[in-house]
Amino acid sequence: MDTEPDELSGAGAEMARIIGVERLLALCEVFGGTTIYIPKKKRILQQVRNKAIKREFNSQNYRQLASKYGLSERRIRQIVAEFLSAERQKSELFSLVVSHILF
């Protein structure tokens, strides 16, 4: 379809100018008629950073990670603790599901 962003109106036109009409139509195909939340760029970048911290963590490098990412050691510890807590919850859920299946 040879539609130009200027042929659209409102938010659709603005989104088409940013991502292109074809990509907008693909989004409409999947999410049309629903409300979707688009997080702020800062939040997305924090998630990427936190995953990198979790990946690089070796239980002895709090200070190095704090320096590398411009955060306090306390914040690095919080990020790691959140990751460990999530992993523990996944493990407990898995154990619960397995025990339910087996017994």
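Some notes on this structure:
- Scanning the range 66-92 for residues that are closer than 16 Å to residue 46 by Cα and at pLDDT below 90 yields a single hit, 83.
- Exactly one residue among 51, 68 is part of a helix (DSSP H, G or I), loosely packed, with under 15 Cβ neighbours inside 10 Å and touching an Asp or Glu at 6+ places or on another chain (Cβ under 9 Å), and that residue is 68.
- In this structure, residue 35 does not satisfy being in a loop (DSSP other than H, G, I, E, B), among the polar types (S, T, N, Q) and touching a helix residue (DSSP H, G or I) at 6+ places or on another chain (Cβ under 9 Å).
The values are calculated or read from the model by the stated rules, or taken from the named source; none is laboratory data. If you're wondering where the values come from, they're calculated on a predicted model, not measured in any experiment. Note that we place each Cβ from the backbone using ideal geometry, even for glycine, and neighbour counts take in every protein chain shown.
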